[in-house]
C-alpha cells in the first residue's frame, strides 16, 4: 500500500482542524454523563477508521468497540480483529446496523460494562437508573443508522436527565440502556496517507474533495494484489491483470461498455462502477487492514501506519439525575 502511494501524487485528505476541536470539546463536556463509550468503526478498515486521539479523549472511560458493516468485511478477518481487541482488554462486537445484526450483543455488552458504575451508584443510595452510553465514531461510519436501528420507530427522550438540550438528547434503548445522542460527535484527524486513502475507498470521505479516478485506480491496484481472482471473476477479465490501476480501470470500462464516440472509454463512468461495486460488496467481502502482530495495551491501540489487509485466514454529578 505504501509503495502504491509513493508512485502516485495523491492529494492530502484532511478534515478541518477547527471542526475536530469543536467536536472534541463537545465530547469532553458530556463524557461525565455516561458510563460507557461505544466506539463505532468500519469492519473493512478496523484500524484506519479509528480515531487515534480517542483513548486520550475518553480518559479511561469503559469502552466498547463495534465493527459496523461486518456484512461487507472478510469474516475471518473480522473474527481476528475481535480477538485482537479482546486480548487488549477492550470488549468488541461485530454488527450490521442496517440489518440489525449483532445489536442484541452490543446492548448486552454495553450494559455489562456499565454495571459496576450503576451498582456502585445504587449502593451509595442513589435512585436506580439505566446504564448510559455515548456512541463515537468518524463521519459516515454508520452512527445514524445504528442509533435509528437501536431506537426503533419512536425515539424517546429520557426526561429529567442532565444533558437534555436541543443540541443533544437522551434516547431510551430498551429498559436498561439510555443513549446520549449528539450530532457530529467526533471528527477524524489523520496524517498517514494510507489511512486517508482507505477512508476514501470506503466512502468515509466526501467524494468531492479528491480525484475519484485516481483513488479508483489505487483501489484496483490494491484489489489486484490481494483479490485478483475475485476481481477477474466480477468483471469477466483474464487472471493476468494489468499492473497499472489506470490500465485496469480502462479495461473494466471496456468490459462494461463505458464507451463514448470513437471507442474511447468513459473513465468517469468506469470509476463510478468500480467504487460503487466495492462499497456495496459486489466485489466480495474485503478487509483492508491487517491485525497488528503486537497486542496493544488496553485502551491504547491506534491505527498502525500503512497497515494492510488481513490475509485470508462522576457519581456526585449523577446524584442530580
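Here is how the numbers come out for the structure above:
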{"read-out": "Where the Cα pairs of region 209-301 fall when distances are cut into 10 Å bins, in %", "value": "15, 45, 23, 11, 5, 1"}
{"read-out": "Order of 90, 286 - criterion: other Cβ atoms within 10 Å of each residue's Cβ, fewest first", "value": "90, 286"}
{"read-out": "Projected area, mean over directions - region 61-108, Cα convex hull, nm²", "value": "3.4"}
{"read-out": "Ranked by how many other beta carbons lie within 10 Å on average, peptides 208-219, 250-261, 30-41 from highest", "value": "30-41, 208-219, 250-261"}
{"read-out": "For peptides 44-52, 98-106, sequence by mean Cβ density within 10 Å, most packed first", "value": "44-52, 98-106"}
{"read-out": "Sites residue 124 and residue 225, calculated FRET efficiency, Cβ-Cβ separation with R0 45 Å, nearest 0.05", "value": "0.20"}
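All of the numbers you see were taken from the coordinates with simple rules; none came from a lab. What you are looking at is a predicted structure, and each value in this text was computed from that prediction instead of being measured. Every residue, glycine as well, gets a Cβ built from its backbone with ideal geometry; the counts of neighbours run over all protein chains shown.
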